[in-house]
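S.K.: Take this structure, written in structure tokens, and hold onto it; I'll ask about it next.
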Amino acid sequence: MTSTPALDLPTLDWTDHDTQAVTAARLIAMDAVEAAGHGHPGTAVSLAPVGHLLFQHHLRHDPADPDWRGRDRFVLSCGHTSLTLYTQLYLAGYPLTLDDIKAYRKLGSLTPAHPERGHTAGVETTTGPLGQGLATAVGIAMGARRERGLLDPDAPVGQSPFDFRVFVLCSDGDLQEGVTAEASAFAGHQALGNLVVVYDDNRISIEGSTALASTEDTAARYEAYGWHVQTVDLAPDGDVDVVALSAALDAATAETGRPSIVLLRSIIAWPVPGAQGTAASHGSALGADAVRLAKSVLGADPDATFAVPPEVVARTQANARARAAEARAGWDEAFEAWAAARPEEAALLARLDAGEVPGSFAGAMPRFEPGTTIATRKAFGRGLAVAAGLLPEVWGGSADLGESNGTNVAPTSFLPASSTLPGADPAGSTIHWGIREHFMGAAMNGIALSGRSRPYGGTFLVFSDYMRPAVRLAALMGLPTLYVWTHDSIGLGEDGPTHQPVEHLASLRAMPGLDVLRPGDANETAVLLWRVLSDRGRPVAFSLSRQDLPVLPEDRDGFSTSALAVRGGYVRWEGGPGDELRLVLLATGSELHVAVSAAKRLAASGVRTRVVSMPCREWFDEQDAEYRDLVLPPGVRARVAVEAASRQSWYDLVGLDGRVLGVDAFGASASAQELFEQFGLTPDHVVEAALEVLQD
Ligand SMILES: Cc1ncc(C[n+]2csc(CCOP(=O)(O)OP(=O)(O)O)c2C)c(N)n1
Ligand SMILES: [Mg+2]
């Protein structure tokens, strides 16, 4: 194991004031859980010294400006111990009061059970699903390296105003979750020296001792990942050893060539009599008797609640303010010097801060020749290549399927300075994630959180399941992540049922805050991609065909223009005798062409028929009622929807009189054509269904 290097590191200046502040944090945490009647007291009590050490001695941050660009990021991966963070935010003087903490876990409070980004100032990322925080933090560290490489490439490591450190506090559960194995392997591979993880090695989880479920040598595991590993033992009294931890944090920060982890021994709920060292203290209120005893042990009045001495709070807030002022003075100067020396990069940053795209972007959208054929994944790749060339904030890669996903669009690869591979660049544009979809999803969130990036990540749609926990967090946080999910139906052919997504579209559409885009042809694909990138919005998922699809005519022969795709749903084709519309066919993606073929036959047989392309249900639902009724006239109840996926997405739009043609099984290993026939997704079958609906 790496021992602390012999560097000239500061020694911790720890006084009685620090001890009093730690005690205050412990009291607040215990009382908050008692007041709520539920919550997670154990770890918040035992880790109070760690929170204090970070927020009062190590982190560079400014409570008066929680989003200060130069701040270090702190990620509480074990989100259940949110009180570890809330108490420090309060004691440091963030806009969070003791009353807010008294409302812990209550409706509308700033102190929900688990920290929520965008809800409470000072919370860098939403955590709670174990493992996600650490994996997200790796993404934050990646984003930091990329953006400083774009904006300030020549500054020595640690000398740029865009350099910051990412501190993580994580627990046993975090390290048991597989996503952190992927994340940690990748962080080691990428030599992310700006990442410092403190692992609370308290050897307790909900069911009891971690010996029930783990025997691995965590230090050896992280050594093997290529990390800088240190251990910190308990202090003689059983508390966290803050002096040793502080030294370890300094050594970790000094190590800029690799990520660092500190295995910190602690005793959960120390020093609460009866509760310390127990699994019960993890997630249940300690109880009035235990809290009274604990208060006595800590030298506080056992009968007083939330009795935080005002002078203690005044001191911690003043200390945080003073540290912020000092950090900011140097940083502001460095930032101004940078802006003066690098006007081009400063203009780029100003554009990114404004959330704008350059004026040249709109005109650069690729157009595809009607009458030709091209898979939407390939059209997407062509568009992405153009977009990434114009917008350096758009970067990402694939979980080893770059060619298939169309995401290999940039000449440089995101790799550490030590890499000798062709195209290696510490600020490279293409991320080779390896076959690590879980981590890719989480790290994309981190990249989006770290600055102004618009990360993309590709895999087959069926494996979106491997990314889902992170996608859900992206949706919860409203992050501008871009999922490139190709091979989006049985249309992928012979790879068979393990690779053919069926329920995925419906389940993704069920997720609030996620826009699912399934374009029907190449031009629709480009229109949607341009719309997404022109707007700094929420997460979007592209569902793209493996198979070639015709490029439909634009603005002629009954076809409208694909520019209308920005409405989410629009009339793509209409034909047939008279002007009384009798039938509406709804379709997305590859089935748009099945619907168009069927519609033409129905029109020829005398039924005025409309094909509505609905590449994004969410965007269509956001249109006003007038527009929606224009596209789907309420009086036309003969409707058939066709999509090569679970039928669930369409019943509300086709109504009780309509029909949905979809896929109700797992597909099979066969050609796309055979499968479309087997599942009845053919023009013949659509015509048949339409005639039935018209008759009813
Ligand atoms: C993905 C996920 N699975 C399960 C849980 C429920 N859960 C919350 S904390 C926890 C384990 C607690 O052990 P540890 O991580 O060591 O935290 P400690 O009790 O030591 O603070 C579990 C299973 C969760 N939050 N996330
Ligand atoms: Mg634990």
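The values are calculated or read from the model by the stated rules, or taken from the named source; none is laboratory data. Quick caveat, the model's predicted, so the values are computed rather than measured. FYI the Cβ positions are ideal-geometry reconstructions off the backbone, even for glycines, and counts take in every protein chain you see.
S.K.: Say we look at the range 74-89 and pick out the residues that are more than 24 Å from V312 (Cβ to Cβ) and crowded, with 24+ Cβ neighbours inside 10 Å; which of these is nearest to ligand 1 (Cβ to nearest atom)?
M.R.: Only one residue tops the list, namely C78.
S.K.: While we're here: Of all residues in the range 270-301, which are away from ligand 2 (no atom under 16 Å from the Cβ), surrounded by 14 or more Cβ atoms within 10 Å (Cβ to Cβ) and within 17 Å of A32 (Cβ to Cβ)?
M.R.: Correct list: A285, L286, G287, A290, V291, R292, A294, K295, L298, A300.
S.K.: Just the residues that are of a type outside the set (A, V, I, L, M, F, W, C) and in contact (Cβ under 8 Å) with a residue 40 or more places away in the chain, please, taken from the range 356-377.
M.R.: Once the filter is applied, which keeps residues that are of a type outside the set (A, V, I, L, M, F, W, C) and in contact (Cβ under 8 Å) with a residue 40 or more places away in the chain, the range 356-377 yields P366, R367, E369, P370, G371, T372, T373, T376, R377.
S.K.: Within the range 307-324, is there a residue that is of a type in the set (A, V, I, L, M) and modelled with pLDDT under 95? Break it down stepwise before answering.
M.R.: If we filter the range 307-324 for residues that are of a type in the set (A, V, I, L, M), which is where we start, we get 307-308, 312-314, 318, 320, 322, 324.
Subsequent filtering for residues that are modelled with pLDDT under 95 retains 307-308.
The answer is yes, given that some residue of the range 307-324 is of a type in the set (A, V, I, L, M) and modelled with pLDDT under 95.
S.K.: When L533 is evaluated against the numbered criteria (1) assigned by TED's automatic domain parsing to the domain that holds A475; (2) surrounded by fewer than 21 Cβ atoms within 10 Å (Cβ to Cβ), which criterion, by number, is the only one it fails?
M.R.: The failed condition is (2).
S.K.: Please go through the range 349-378 and give me each residue that is under 18 Å from Q547 (Cβ atoms) and assigned to a helix (DSSP H, G or I), ordered by number.
M.R.: Hits for the range 349-378 are T376, R377, K378.
S.K.: I'd like the residue in the range 637-691 that is out of contact with any Gly (no Cβ under 9 Å at 6 or more places or on another chain), outside any helix (DSSP H, G or I) and acidic (D, E) and, out of all such residues, is nearest to L602 (Cα to Cα).
M.R.: Ranking the qualifying residues of the range 637-691, first place goes to D657.
S.K.: Could you please find all residues in the range 156-181 being in a loop (DSSP other than H, G, I, E, B), modelled with pLDDT of 95 or more and not acidic (D, E)?
M.R.: Passing the criteria: S160, P161, F162, F164, R165, S171.
S.K.: Looking only at the range 183-196, decide whether some residue is surrounded by 16 or more Cβ atoms within 10 Å (Cβ to Cβ), modelled with pLDDT of 95 or more and within 16 Å of ligand 2 (Cβ to nearest atom).
M.R.: The answer is no, given that none of the residues of the range 183-196 is surrounded by 16 or more Cβ atoms within 10 Å (Cβ to Cβ), modelled with pLDDT of 95 or more and within 16 Å of ligand 2 (Cβ to nearest atom).
S.K.: Given the conditions (1) within 16 Å of ligand 1 (Cβ to nearest atom); (2) surrounded by fewer than 18 Cβ atoms within 10 Å (Cβ to Cβ), report the number of the one that I267 does not fulfil.
M.R.: (2)
S.K.: While we're on this one: List the pairs whose first member sits in the range 202-223 and is under 21 Å from L234 (Cβ atoms), whose second member is β-branched (V, I, T) and away from ligand 1 (no atom under 12 Å from the Cβ), and whose Cβ atoms are under 7 Å apart, counting only residues at least 6 apart or on separate chains?
M.R.: A219/V229; A219/T231; Y222/V229; Y222/I261
S.K.: Same structure, new question: Somewhere in the range 201-208, is a residue small (G, A, S) and more than 14 Å from ligand 2 (Cβ to nearest atom)?
M.R.: no
S.K.: Evaluate the following for L59: is it more than 13 Å from ligand 1 (Cβ to nearest atom), within 25 Å of Q276 (Cα to Cα) and touching a residue at least 60 places away in the same chain (Cβ under 8 Å)?
M.R.: no
S.K.: Can you confirm whether the range 591-604 contains a residue that is part of a loop (DSSP other than H, G, I, E, B), closer than 26 Å to S543 by Cα and in contact (Cβ under 8 Å) with a residue 60 or more places away in the chain?
M.R.: Scanning the range 591-604, I find no residue that is part of a loop (DSSP other than H, G, I, E, B), closer than 26 Å to S543 by Cα and in contact (Cβ under 8 Å) with a residue 60 or more places away in the chain, so the answer is no.
S.K.: Just the residues that are within 29 Å of S281 (Cβ to Cβ) and hydroxyl-bearing (S, T, Y), please, taken from the range 248-266.
M.R.: Within the range 248-266, S260, S266 meet the criteria.
S.K.: Looking at (1) farther than 23 Å from T420 by Cβ; (2) touching a Gly at 6+ places or on another chain (Cβ under 7 Å), which is the one condition that is false for D163?
M.R.: The failed condition is (2).
S.K.: Mind telling me which of the residues P273, P259, P236 ends up being at negative phi, away from ligand 1 (no atom under 16 Å from the Cβ) and free of Cβ contacts under 8 Å to residues at least 12 places away in the same chain?
M.R.: So the residue among P273, P259, P236 that is at negative phi, away from ligand 1 (no atom under 16 Å from the Cβ) and free of Cβ contacts under 8 Å to residues at least 12 places away in the same chain is P236.
S.K.: Which is surrounded by fewer than 24 Cβ atoms within 10 Å (Cβ to Cβ), within 36 Å of the chain's Cα centre (by Cα), modelled with pLDDT of 95 or more and more than 24 Å from S507 (Cα to Cα), of V631, V611?
M.R.: None of the others qualify; the one that does is V631.
S.K.: For the range 90-145, which positions are within 16 Å of ligand 1 (Cβ to nearest atom) and either over 19 Å from the mean Cα position of the chain (by Cα) or outside the structural domain of G178 (by TED's automatic domain parsing) (or both)?
M.R.: Residues satisfying the conditions are R105, P112, A113.
Condition check ((1) in contact (Cβ under 8 Å) with a residue 12 or more places away in the chain; (2) under 24 Å from D72 (Cβ atoms)) across all residues:
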residue: A385; (1), (2): yes, no
residue: L391; (1), (2): yes, no
residue: G402; (1), (2): yes, no
residue: S419; (1), (2): no, no
residue: A424; (1), (2): yes, no
residue: L449; (1), (2): yes, yes
residue: P455; (1), (2): yes, yes
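S.K.: Yes or no: the range 203-225 includes at least one residue that is in the same structural domain as A279 (by TED's automatic domain parsing), more than 29 Å from L415 (Cα to Cα) and crowded, with 24+ Cβ neighbours inside 10 Å.
M.R.: There is at least one residue in the range 203-225 that is in the same structural domain as A279 (by TED's automatic domain parsing), more than 29 Å from L415 (Cα to Cα) and crowded, with 24+ Cβ neighbours inside 10 Å.
S.K.: Which of the residues belonging to the range 578-595 are buried (at least 17 other Cβ atoms within 10 Å of the Cβ) and over 37 Å from the mean Cα position of the chain (by Cα)?
M.R.: L581, R582, L583, V584
S.K.: Do we find that S209 is at pLDDT 95 or above and within 14 Å of ligand 1 (Cβ to nearest atom) in this structure?
M.R.: yes
S.K.: Here is a follow-up. Just to be sure before I move on: is A645 within 23 Å of L549 (Cβ to Cβ) and buried (at least 23 other Cβ atoms within 10 Å of the Cβ) in the structure I sent?
M.R.: yes
S.K.: Starting from the range 174-191, keep only residues that are aromatic (F, W, Y), then list their pairs with residues that are crowded, with 24+ Cβ neighbours inside 10 Å and part of a helix (DSSP H, G or I) whose Cβ atoms are within a distance under 7 Å, requiring at least 6 positions of separation or different chains.
M.R.: F186/V138; F186/F439
S.K.: Here is a check on your reading of the model: is V654 β-branched (V, I, T), crowded, with 19+ Cβ neighbours inside 10 Å and more than 28 Å from H499 (Cα to Cα)?
M.R.: yes
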